[in-house]
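Undergrad: The following block contains the structure, expressed as structure tokens.
The values are calculated or read from the model by the stated rules, or taken from the named source; none is laboratory data. This is a predicted model, so every value here is computed, not measured. Virtual Cβ from ideal backbone geometry, glycine too; neighbours counted across all protein chains shown. In case anyone asks, the SASA skips ligands and DNA or RNA and just uses the protein heavy atoms, side chains included. Shrake-Rupley method; radii C 1.70, N 1.55, O 1.52, S 1.80 Å.
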Amino acid sequence: MKTYLDFASTTPMAPEVIEEMHAVMSEDSFGNPSSLDHQFGISANNIVEQSRNEVANLINANPEEILWTSGATESNNLAIVGFHQFQYKGHPLRFTTSHLEHKSVIESMRSIEELESKVSFIQPNKDGQIDLETFTSQLNPDAIFASCMHINNETGVVNEIKEIGKYCKKNEIIFHVDAAQSIGKIPIDVKEMCIDLMSMSAHKVYGPKGVGALYINKDSVGRVKSLIVGGGQERGMRSGTLPTHQIAGMASAYRVSKQRMHDDLEHIQQCRDAFLKKLSSLNGWKINGSVEDAFPGILSLCFHDLYSESLIYAMEGFAISRGSACSSDHDEPSHVLKSMGLLDHEINGTIRISFGRTTSLHDTESAASELIAAVTHLRNLKGDSQ
Ligand code: PMP
């Protein structure tokens, strides 16, 4: 079995989470959380509401501002398309976002363009970051909505969310943040950061797949128009029977992450430093994006003279990836790296290595050694064939 170094794509579930989900599935809380006529439903409902409290607690929100979804993809769709549909009165609206965003944000924006609303895309700075200056200098003055991710899933670069949030609040722009990669890993306070809508996922922080949430600031946004209609659950904004065990798993993952955030971050930082120290003996590579303003768990490494597929294949002992898991089964070059100005051969030679809670220092050092050996071997082969 390979050693897993693809934590940005997903994480293994924490033992505490599995235990808690198992207990919920085994107890008499299998009832429908909306069936409040009997104890089975009431018990499930209690778990759902307790979990809502815990998710709200992690980001300094009120529980009634948390809406359950199937993950950050759905949350991004609901924030952008649902907000647009709620506001749209037949006149085109102006939205803004960045070229760094996840496809679920970009495609949601594309879908509102079909209704003739206008979307402008902000180009990141040379470090792959949206800082306040970059944001304000490219912002369209008519924009009523801005969407900017917190941590980029391909490079780990952290955007200046608090500064952008304050600017948006001052200028009455609704501010949406895709926090799929940051929630539970670095601190988030939606009030302090002036966030109006925020997308969350469970499986990037050792929780189950298929569950997430959308934070909706009740004072500024209030409501979004449902994209899934039916029984009117989640105050009419997202219909469907709630998956009690998934929700309990997400809350458990968030609770554990809150307790461990400081230690996890320190450990991941040590892993990255050890990895980079070892790799420094190798020539002909660079890190894509800022190192200072990045979450240390994600490294985007460019070997401009090699192909990422060959490197991934040659790294026999480690599970690493080309970039975003959501686009690595398509053959298009990464839109994120492209927007950062990387040339095609640099994008084609980029791999992503991501560390997590269960990565050991020994793993990171072995991975660096294996990468050095793989690069040297591939370069020798290239040299021979020239
Ligand atoms: N946004 C970002 C930044 C992501 O990294 C991902 C997962 N790759 C998503 C959204 C989608 O999250 P989910 O898998 O929960 O739908």
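Undergrad: Among (1) of a type outside the set (S, T, N, Q); (2) at pLDDT below 95; (3) on the phi > 0 side of the Ramachandran plot; (4) touching a Ser or Thr at 6+ places or on another chain (Cβ under 9 Å), there is one condition GLY71 misses while meeting the rest; what is its number?
TA: (2)
Undergrad: Residue by residue through segment 192-214, note down the ones that are open to solvent by 10 Å² or more (accessible area, probe 1.4 Å) and in contact with a strand residue (DSSP E or B) (Cβ under 7 Å, 6 or more places away or on another chain).
TA: So the first thing to find is which residues in segment 192-214 are open to solvent by 10 Å² or more (accessible area, probe 1.4 Å), and the list is 192-194, 196, 203-204, 206, 209-210.
Across segment 192-214, the qualifying residues are CYS194, ASP196.
Undergrad: Tally up the residues in segment 247-264 that are open to solvent by less than 50 Å² (accessible area, probe 1.4 Å) and either out of contact with any Gly (no Cβ under 6 Å at 6 or more places or on another chain) or free of Cβ contacts under 8 Å to residues at least 60 places away in the same chain (or both), please. Spell out how you get there, then give the answer.
TA: Of segment 247-264, the ones open to solvent by less than 50 Å² (accessible area, probe 1.4 Å) are 247-254, 256-257, 261, 264.
With the extra rule that they be either out of contact with any Gly (no Cβ under 6 Å at 6 or more places or on another chain) or free of Cβ contacts under 8 Å to residues at least 60 places away in the same chain (or both), the set shrinks to 247-248, 251-252, 256, 261, 264.
Residues in segment 247-264 being open to solvent by less than 50 Å² (accessible area, probe 1.4 Å) and either out of contact with any Gly (no Cβ under 6 Å at 6 or more places or on another chain) or free of Cβ contacts under 8 Å to residues at least 60 places away in the same chain (or both): 7 in total.
Undergrad: Checking the condition over 23 Å from GLU107 (Cα atoms) and at pLDDT 95 or above, which residue from LYS162, LYS118 passes?
TA: Numbers: LYS118 fails: over 23 Å from GLU107 (Cα atoms).
None of the others qualify; the one that does is LYS162.
Undergrad: Do we find a residue being open to solvent by less than 10 Å² (accessible area, probe 1.4 Å), within 29 Å of ALA248 (Cβ to Cβ), touching a residue at least 12 places away in the same chain (Cβ under 8 Å) and within 16 Å of the ligand (Cβ to nearest atom) anywhere in segment 126-146?
TA: no
Undergrad: Then there is this: Please verify whether GLY249 is assigned by TED's automatic domain parsing to the domain that holds SER182 and within 15 Å of the ligand (Cβ to nearest atom), treating the condition exactly as stated. Give the steps one after another, and end with the answer.
TA: On the way: assigned by TED's automatic domain parsing to the domain that holds SER182: yes; within 15 Å of the ligand (Cβ to nearest atom): yes.
Against the criterion (assigned by TED's automatic domain parsing to the domain that holds SER182 and within 15 Å of the ligand (Cβ to nearest atom)), GLY249 qualifies.
Undergrad: For residues that are more than 16 Å from the ligand (Cβ to nearest atom) and open to solvent by 40 Å² or more (accessible area, probe 1.4 Å), tally how many sit in segment 75-110.
TA: Of the residues in segment 75-110, 9 are more than 16 Å from the ligand (Cβ to nearest atom) and open to solvent by 40 Å² or more (accessible area, probe 1.4 Å).
Undergrad: Name the residues in segment 165-186 that are of a type in the set (A, V, I, L, M) and either modelled with pLDDT under 95 or buried (at least 23 other Cβ atoms within 10 Å of the Cβ) (or both), would you? Outline the logic, then answer.
TA: Here is the first cut: in segment 165-186, the ones of a type in the set (A, V, I, L, M) are 173-174, 177, 179-180, 183, 186.
Answer for segment 165-186, where residues must be of a type in the set (A, V, I, L, M) and either modelled with pLDDT under 95 or buried (at least 23 other Cβ atoms within 10 Å of the Cβ) (or both): VAL177, ALA179, ALA180, ILE183.
Undergrad: Could you please give the count of residues in segment 32-67 that are within 18 Å of ASP178 (Cβ to Cβ) and out of contact with any Asp or Glu (no Cβ under 6 Å at 6 or more places or on another chain)?
TA: 6
Undergrad: In the set GLY317, GLY297, which member is under 28 Å from TYR4 (Cα atoms) and open to solvent by less than 10 Å² (accessible area, probe 1.4 Å)? Walk me through it before giving the result.
TA: Details: GLY317 fails: open to solvent by less than 10 Å² (accessible area, probe 1.4 Å).
Of the residues listed, the single one that is under 28 Å from TYR4 (Cα atoms) and open to solvent by less than 10 Å² (accessible area, probe 1.4 Å) is GLY297.
Undergrad: Which of the residues that make up segment 329-360 are in a strand (DSSP E or B), of a type in the set (Ser, Thr, Tyr) and within 19 Å of the chain's Cα centre (by Cα)? Explain how you work it out, then say what you get.
TA: Start the filter on segment 329-360 by keeping residues that are in a strand (DSSP E or B), which leaves 350-354.
From the residues that got through so far, the ones that are of a type in the set (Ser, Thr, Tyr) too are 350, 354.
Result: SER354, single match.
Undergrad: SER120 versus (1) free of Cβ contacts under 8 Å to residues at least 60 places away in the same chain; (2) part of a loop (DSSP other than H, G, I, E, B); (3) away from the ligand (no atom under 14 Å from the Cβ): which is the lone unmet condition?
TA: So SER120 meets the others, but not (2).
Undergrad: Continuing with the same structure: Can you tell me which condition GLU64 does not meet? The list is (1) surrounded by fewer than 22 Cβ atoms within 10 Å (Cβ to Cβ); (2) part of a loop (DSSP other than H, G, I, E, B), and all the others hold.
TA: (2)
Undergrad: So which of MET13, MET1 is under 29 Å from SER360 (Cβ atoms), within 16 Å of the ligand (Cβ to nearest atom) and open to solvent by 70 Å² or more (accessible area, probe 1.4 Å)? Break it down into steps so the answer makes sense when it comes.
TA: Numbers: MET1 fails: within 16 Å of the ligand (Cβ to nearest atom).
Just one listed residue meets the conditions, MET13.
Undergrad: Looking at this structure, is ASP189 surrounded by fewer than 18 Cβ atoms within 10 Å (Cβ to Cβ) and either touching a residue at least 24 places away in the same chain (Cβ under 8 Å) or within 15 Å of VAL55 (Cβ to Cβ) (or both)? Show your work before the answer.
TA: Details: surrounded by fewer than 18 Cβ atoms within 10 Å (Cβ to Cβ): yes; either touching a residue at least 24 places away in the same chain (Cβ under 8 Å) or within 15 Å of VAL55 (Cβ to Cβ) (or both): yes.
Yes; evaluated as a whole, the condition is true for this residue.
Undergrad: Another question about this same structure. Hey, can you tell me all the residues within segment 27-60 that are assigned to a helix (DSSP H, G or I) and open to solvent by 80 Å² or more (accessible area, probe 1.4 Å)?
TA: The first filter runs over segment 27-60 and keeps only residues assigned to a helix (DSSP H, G or I), leaving 39-59.
Within segment 27-60, GLN39, PHE40, ASN46, GLN50, ASN57 meet the criteria.
Undergrad: Right, another one. Does LYS204 fit the bill of being in a helix (DSSP H, G or I) and not assigned by TED's automatic domain parsing to the domain that holds TRP68? Talk me through it step by step, then tell me what you get.
TA: Working: in a helix (DSSP H, G or I): yes; not assigned by TED's automatic domain parsing to the domain that holds TRP68: no.
So LYS204 does not fit the description; no.
Undergrad: Can you tell me which residue in segment 172-208 is farthest from the ligand (Cβ to nearest atom), limited to those that are within 11 Å of ALA72 (Cβ to Cβ) and among the charged types (D, E, K, R)?
TA: Among those residues, the one meeting the criterion is LYS204.
Undergrad: Considering only residues that are over 13 Å from ARG352 (Cβ atoms) and under 18 Å from the mean Cα position of the chain (by Cα), look in segment 152-163 and name the one that is surrounded by the fewest Cβ atoms within 10 Å (Cβ to Cβ).
TA: First, the residues of segment 152-163 that are over 13 Å from ARG352 (Cβ atoms): 158-163.
Subset that is under 18 Å from the mean Cα position of the chain (by Cα): 158-162.
Details: VAL158: 21, ASN159: 26, GLU160: 19, ILE161: 23, LYS162: 15.
The extreme case among them is LYS162.
Undergrad: May I pose another question? Condition first: over 15 Å from GLY289 (Cα atoms), polar (S, T, N, Q) and assigned to a strand (DSSP E or B). Can you find one or more residues in segment 148-171 that meet it?
TA: Taking every residue of segment 148-171 in turn, none turns out to be over 15 Å from GLY289 (Cα atoms), polar (S, T, N, Q) and assigned to a strand (DSSP E or B).
Undergrad: Something else: Give the residue, chosen from GLY222, GLY240, that is modelled with pLDDT under 95, under 19 Å from GLU64 (Cα atoms) and assigned to a loop (DSSP other than H, G, I, E, B). Give the steps one after another, and end with the answer.
TA: Values: GLY240 fails: modelled with pLDDT under 95.
Residue meeting the stated conditions: GLY222.
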